[in-house]
Every structure is written in structure tokens, then in C-alpha cells.
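Here's the structure we're looking at; comments come further down.
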Amino acid sequence: DCAELPCDYDCAGVCNGDAVEDCSGACNGDATEDCAGECGGSASEDDCGVCNGDGTSCLDNVLSFGAATDSSLEVLYSSSSAIAGFQFTVSGIDLLDASGGAAEEADLNVDSSSLGIVIGYSVSGATVPAGSGLLTNLTIGGFTSPEACLTDVVVSDPNASSLDFEVGDCLSSECADED
């Protein structure tokens, strides 16, 4: 007596075959689940490993200086979260005004004082989106010391929670020229 060997049928009906169903139920199909769990979906992970992310979640939270002249100074930001408000002090310059940039584009009010304090806020819930770029432009009357520095940085998210922010390097007044 020969006993029949056990047989496991694959999706194509072949005894002990290797055909398998994909996530849509197609035999030997090539549909796969995306990172959101959708069969045949197009969601993918960004560089930070976030499904359908925009790459901002792995940004470092930093305020720093950008381009500088004898009459203007850019303040740049990089943020993994939306910014609902900010305050910082700029030392080493004669601060005349702060305006423009992502803060103003997002409808934040930006105010400054002759003490070097800059504040950005919204009474309507507006926020600067997560990302990086020009936060605001400073109009300056010149440098008052050999270097300008950002200090006393406070940044808040839309829930009014404080965000940890680093500060970029100070800027030597010798770097600020018309070229």
C-alpha cells in the first residue's frame, strides 16, 4: 500500500506549488500594502521614516542668522513643528524694525523694540508651518559690537507648548557688507 503524500494546494491549484495571493487576493499578483496599510496604495515613508510625511519631523529646531548687510539681517528657522509664536533678543546691533518672511506670510504679528527684542504672535491662531526658511527680516541701524548674537529664544507650538530650539552661531560684524 502506498500512502498518498500530503498535498498543500497553492492559489493556482498546484499541489505543493509556490503561487501566493497578494493583498488584493490576486494569485501571483504584485499588489502590496503601502506604509498606511492600504493594498495597492501609494503612501510612502519620507526621509524621517514617517508614513506620508513631508520630511519636517526630522528637522532640527534652530534659529540662526542668514544674509547680512550694514542695514539688514535675516533670521532663519528650521522647525519640525508649526510655530505659533516666538520671541528672541538680538544683541550687538541697533534694531530698527522686524518684518517680512514666513512669520508675516503666515499672518503673525511681528514687533520689535530698540532693546533688540523681537516677538512674533497671532491672536487668530495663525502659525508658521513646519519647515525651514526665512522667519523674518531685521532692519538695523548698524552693528554696535564686533558680533551680533541671538539669545533668550522662546518658541511655542499651536498648543502654546514651548519648543526646544537651538541657536546658530553669532555673526561677526565684519561679515556684514553690501557684497
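The values are calculated or read from the model by the stated rules, or taken from the named source; none is laboratory data. Nothing here was measured: the structure is a model prediction, and the numbers come from that model. Ideal geometry is used to build each Cβ from the backbone, glycine not excepted, and the neighbour counts take in all protein chains shown. We work out accessible area using only protein heavy atoms, side chains counted, and drop any ligands, DNA or RNA first. Shrake-Rupley method; radii C 1.70, N 1.55, O 1.52, S 1.80 Å.
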Worksheet item: Does at least one position in region 27-47 carry a residue that is within 17 Å of the chain's Cα centre (by Cα), part of a loop (DSSP other than H, G, I, E, B) and modelled with pLDDT under 85?
Response: yes
Worksheet item: Here is a list of conditions, (1) surrounded by fewer than 18 Cβ atoms within 10 Å (Cβ to Cβ); (2) closer than 30 Å to ASP47 by Cβ; (3) at pLDDT below 95, and SER79 meets all of them except one; can you say which number that is?
Response: (1)
Worksheet entry | Qualifying position, being open to solvent by 30 Å² or more (accessible area, probe 1.4 Å) and among the β-branched types (Val, Ile, Thr), among ILE93, ILE119 | ILE119
Discussion item. Can you find a residue that is farther than 25 Å from THR127 by Cα and surrounded by 16 or more Cβ atoms within 10 Å (Cβ to Cβ) anywhere in region 64-74?
Written reply: yes
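For every residue, the table says whether it meets (1) over 24 Å from the mean Cα position of the chain (by Cα); (2) in a strand (DSSP E or B); (3) under 30 Å from VAL50 (Cα atoms).
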position	(1), (2), (3)
VAL75	no, yes, yes
ALA126	no, no, yes
SER145	yes, no, no
VAL153	no, yes, yes
ALA160	no, no, yes
Worksheet item: Hey, any hits in region 128-136 for a residue that's closer than 23 Å to ASP60 by Cβ, open to solvent by 60 Å² or more (accessible area, probe 1.4 Å) and of a type in the set (A, V, I, L, M)?
Response: no
Item to complete: Return the only residue of ASP30, ASP60 being under 23 Å from GLU105 (Cβ atoms), exposed (fewer than 13 other Cβ atoms within 10 Å of the Cβ) and among the acidic types (Asp, Glu).
Response: ASP60
Worksheet item: SER114 is checked against (1) over 22 Å from ALA160 (Cβ atoms); (2) assigned to a strand (DSSP E or B); (3) open to solvent by 60 Å² or more (accessible area, probe 1.4 Å) and fails just one. What number does that condition carry?
Response: (2)
Practice prompt. Give me a count of the residues in region 33-54 that are under 30 Å from SER79 (Cβ atoms) and either surrounded by 14 or more Cβ atoms within 10 Å (Cβ to Cβ) or of a type in the set (Lys, Arg) (or both).
Written response: 6
Practice prompt. Return the only residue of GLU166, GLU147 being surrounded by 15 or more Cβ atoms within 10 Å (Cβ to Cβ) and of a type in the set (D, E, K, R).
Written response: GLU147
Worksheet, complete the sentence: Going through (1) open to solvent by 30 Å² or more (accessible area, probe 1.4 Å); (2) assigned to a helix (DSSP H, G or I) one by one, ALA103 fails only at (1)
Discussion item. Looking at region 83-100 only, could you name the residues that are farther than 24 Å from LEU59 by Cα and in a strand (DSSP E or B)?
Written reply: SER91, ILE93, ASP94, LEU95, LEU96, ASP97, ALA98, SER99
Worksheet item: Within the group ALA160, ALA102, ALA176, which residue is modelled with pLDDT under 95 and within 16 Å of GLU74 (Cβ to Cβ)?
Response: ALA176
